[in-house]
Structures are given as structure tokens and as C-alpha cells.
1. Can you list residue pairs whose Cβ atoms sit under 6 Å apart, with the first residue in the range 98-116 being farther than 19 Å from Pro65 by Cα and the second being exposed (fewer than 11 other Cβ atoms within 10 Å of the Cβ)? Count only pairs 6 or more apart in sequence or on different chains.
2. Across the range 123-135, what is the total count of residues that are open to solvent by 30 Å² or more (accessible area, probe 1.4 Å) and within 16 Å of the chain's Cα centre (by Cα)?
3. Can you tell me which residue within the range 1-27, out of those that are in a helix (DSSP H, G or I) and over 18 Å from Ala74 (Cα atoms), is least open to solvent (accessible area, probe 1.4 Å)?
4. Does any residue of the range 40-47 turn out to be of a type outside the set (Gly, Ala, Ser), at negative phi, in contact (Cβ under 8 Å) with a residue 40 or more places away in the chain and surrounded by 13 or more Cβ atoms within 10 Å (Cβ to Cβ)?
5. Any chance you could count how many residues in the range 60-78 are at pLDDT 85 or above, out of contact with any Gly (no Cβ under 8 Å at 6 or more places or on another chain), under 15 Å from Thr96 (Cα atoms) and assigned to a loop (DSSP other than H, G, I, E, B)?
6. Which members of the range 81-98 meet the condition of being within 25 Å of Val27 (Cα to Cα) and of a type outside the set (A, V, I, L, M, F, W, C)?
7. Mind checking which residues of the range 76-117 are of a type in the set (Phe, Trp, Tyr) and open to solvent by 10 Å² or more (accessible area, probe 1.4 Å)?
8. I need the full set of residues from the range 113-140 which are within 21 Å of Asp25 (Cα to Cα) and outside any strand (DSSP E or B), in order please.
Amino acid sequence: NESLETNLPGVFAAGNVLHVHDLVDFVSQEAAKAGENAARYILGGQGETATVQLEGKNGVRYTVPQQLDPHHMADSVTVRFRVGQPYQKAALCVYTDGKLLRRVPKRILTPGEMEQLTLRRADLPRELAEITIQVEEGAQ
């Protein structure tokens with residue numbers, strides 16, 4: 001989830017355990033975040049949570065995190081992912097429950113380069129079930 005907690009409560013993961021990173025800087029950022037969240041969990045946990053699924057579709061192979069809790073998340077969450085094939089003149093699109101939230105034009109997308117988008121809590125609708133990130137071709 002957005003805290004880098006696995007599906008086992010109290011177990012956190014970061015770095016190449018989650019997915020292969022391009023830069024050690026990303027690994028360091030995730031490790032620091034996982035450590036902070038593990039400490040927060042030990043000191044008091046999160047209490048009740050509301051899970052929103054993040055799904056990669058139409059060319060997005062996976063997302064990290066795979067779910068988040070809009071009520072407990074920080075002001076923003078970085079979502080990292082890879083595409084399944086090369087694209088030119090495409091866009092990365094974020095949908096919340098089927099409605100377009102954001103479109104980011106990309107000249108080139110390749111499976112060998114990790115992509116990332118930032119989701120801001122303030123931009124997310126109050127009642128939310130799913131966030132989808134996908135590639136849309138021919139968009140510039």
C-alpha cells in the first residue's frame with residue numbers, strides 16, 4: 001500500500017523486493033519511507049483503513065503501490081510502474097472510478113525505463129473505489 005506495507009500487517013518492503021529500480025535513489029527513498037511507516041505502525045498503527053485499488057491497464061504492467069488509503073495517505077503518493085512495450089507519442093492517463101483525473105503526454109515510453117506519477121490526496125474524490133493508470137496511444 002502507500003505505506004509500503006505488504007498484505008501481512010506490520011511487514012514493510014522497499015527497493016528491488018517490490019520491483020527492479022533504475023536508480024539507487026528510488027531504492028533509498030522507498031527504504032526511508034518504509035522505515036518511517038514501520039516505526040509509525042509500531043508506535044500506534046493506523047486504525048481503521050479504507051482500501052482503494054490501483055490497477056495498471058492498457059500497457060501499464062503493474063503499479064507500486066497496488067492500493068492506498070486516501071484517508072491515511074500523505075499529501076501525495078508517488079506511483080511507480082513500467083509499461084509492457086515501447087510507445088511513441090502516447091499519454092499516461094490516471095482515472096478515478098472511470099473518470100479522467102490526469103493526462104501526461106509522453107514522447108517515448110519503454111519497458112526498460114521506470115515511470116512515475118504523483119497522486120495528490122487533494123485531487124482524489126471523497127468516495128473512491130479504484131484508480132487506473134493506463135497508456136493511451138496517439139495522444140499529444
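The values are calculated or read from the model by the stated rules, or taken from the named source; none is laboratory data. Because the structure is a prediction, the values reported are computed rather than measured. Cβ: placed from backbone, ideal geometry, glycine included. Neighbour counts: every protein chain shown. Ligands, DNA and RNA are excluded from the accessible area calculation, which covers all protein heavy atoms including side chains. Shrake-Rupley method; radii C 1.70, N 1.55, O 1.52, S 1.80 Å.
1. Pro105/Gln140
2. 3
3. Our first condition is that a residue be in a helix (DSSP H, G or I); within the range 1-27, this holds for 15-17, 24-27.
If we keep only those that are over 18 Å from Ala74 (Cα atoms) as well, we get 15-17, 24-25, 27.
Details: Gly15: 2, Asn16: 102, Val17: 118, Val24: 105, Asp25: 94, Val27: 43 Å².
Among them, the one singled out is Gly15.
4. Yes, some residue in the range 40-47 is of a type outside the set (Gly, Ala, Ser), at negative phi, in contact (Cβ under 8 Å) with a residue 40 or more places away in the chain and surrounded by 13 or more Cβ atoms within 10 Å (Cβ to Cβ).
5. Count: 1.
6. The answer is Arg82, Gly84, Gln85, Pro86.
7. Selection gives Tyr87, Tyr95.
8. Just the residues of the range 113-140 that are within 21 Å of Asp25 (Cα to Cα), to begin with: 113-119.
Hits for the range 113-140 are Glu113, Met114.
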